[in-house]
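The values are calculated or read from the model by the stated rules, or taken from the named source; none is laboratory data. Computed from a prediction, not measured in an experiment: that's the story for all the values here. As a convention, Cβ positions derive from the backbone with ideal geometry for all residues, glycine included, and neighbour counts pool all protein chains shown.
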Amino acid sequence: MPGRHRPMATLATVAAAAGVSRQTVSNALNSPDLLRPETLERVQQAIDDLGYTPNRAARNLRTRASHLVGLRIEPALQGNASGLMDRFLHSLVESCKEAGLHVLLFAAEDVNDPLDGYDALLASAAVDAFVVTDTYRGNPQAAWLEARQVPFVAFGRPWAEPHAQHPWVDVDGRAGVGLAVEHLADRGHERIAWVGWQKSSYIGEDRRSGWLDRMHQRGLPTTRLSARGEDTIEFGRRAAHALVEGEQPTAFLCVSDTVAMGVLQAIADCGRRPGADDVAVVGFDDSLAAQVIPPGLTSVRQPLEGVAVEIVRLLEDRLAMRAVEHPHVILAPELRVRGTS
């Protein structure tokens, strides 16, 4: 019918039309010398009939034409002191360089559309694969890329879909917070407050569970010793003031360094000094700010260098169409102890 679009051809539909396996179609595209002439001709005819455009990632693996990995960057948030993405990007660029890949950063015109920017890059055949860093509930990037057979690896678990099969690398935030609780409890703190993100944050709740579980294991109280809010310095400050006026904790364990900066401000407002007056503060991310602010913020450090290495390893497997033995990787963080505790 006029105006009706033909369904997009895939490796599978070409294989079915030619009466061969998908691997045979892949061989026809990348290693045609492996096939008998009559088989190669049959596959090529199916490709022409269906209008199939080979996956650029697989083709470039042989032609060395692009080797670009796309990553969408988001606008910086006001009141956020993390800088986590900067360290991750540096690590990713270094790891990609060693693998003969390059990172192409792109931004969305519509920041509220999680898919904006992806289609344009694919249409121009500018990239071989993507790294996805937004894994919040309902984000459609994974399904969208999988439907188009585009190789990608996610930094972060698919929290809403725990059984998703696409490759991802994440950091064990729960274990990291548990390390911080042990550190504070070993130094005599019993009233350790948690200052975290909203309940809708899977990452925030995962980290909170590390505080809750380890506090219960140590027989320490948690009632009225937690607060939830936004990832801003101002929230950390307000939450700390409220907790000090109420339950009077001797230590604060924070979901991020940004929140911890606000807690430090509240402590200063009260005329106290962290680490010197029996009040301790621990953050999460080990940002540059944590390392330079006096007297140094104790923080859980995410192994971003290791994350980047694992992401690139998985990307290489996807680009080469190799079977991935361990597509889901969780790395352990470590605690960097400084003056605030």
Of all residues in the range 102-136, which are assigned to a loop (DSSP other than H, G, I, E, B) and of a type in the set (V, I, T)? V111, V127, T133, T135
Given the conditions (1) modelled with pLDDT of 95 or more; (2) crowded, with 19+ Cβ neighbours inside 10 Å; (3) touching a strand residue (DSSP E or B) at 6+ places or on another chain (Cβ under 9 Å), which single one is not true for G178? (3)
Kindly evaluate V263 against the criterion of being surrounded by fewer than 23 Cβ atoms within 10 Å (Cβ to Cβ) and either assigned by TED's automatic domain parsing to the domain that holds I203 or on the phi > 0 side of the Ramachandran plot (or both). no
Please give the number of the condition G271 fails out of (1) assigned to a loop (DSSP other than H, G, I, E, B); (2) in contact (Cβ under 8 Å) with a residue 12 or more places away in the chain; (3) farther than 20 Å from E182 by Cα. (2)
Go through the range 115-124 and count every residue that is over 25 Å from V309 (Cα atoms) and either in contact with a helix residue (DSSP H, G or I) (Cβ under 8 Å, 6 or more places away or on another chain) or at pLDDT below 85 (or both). 5
Set Q248, Q217, Q198: member being more than 29 Å from the chain's Cα centre (by Cα), within 28 Å of R157 (Cα to Cα) and of a type in the set (S, T, N, Q): Q217
Is the range 238-245 home to any residue that is modelled with pLDDT under 95, farther than 29 Å from R313 by Cβ and assigned to a helix (DSSP H, G or I)? yes
Within the range 16-35, the residues that are within 19 Å of R322 (Cα to Cα) and modelled with pLDDT of 75 or more are S21, R22, Q23, T24, V25, S26, N27, A28, L29, P32, L34
Given (1) in a helix (DSSP H, G or I); (2) in contact with a Cys (Cβ under 8 Å, 6 or more places away or on another chain); (3) closer than 27 Å to R214 by Cα, where does V312 come up short, assuming only one miss? (3)
Would you check if F284 is touching a helix residue (DSSP H, G or I) at 6+ places or on another chain (Cβ under 6 Å), modelled with pLDDT of 95 or more and of a type outside the set (K, R)? no
Restricting to the range 151-176, count the residues that are within 14 Å of L92 (Cβ to Cβ) and not in a loop (DSSP other than H, G, I, E, B). 5
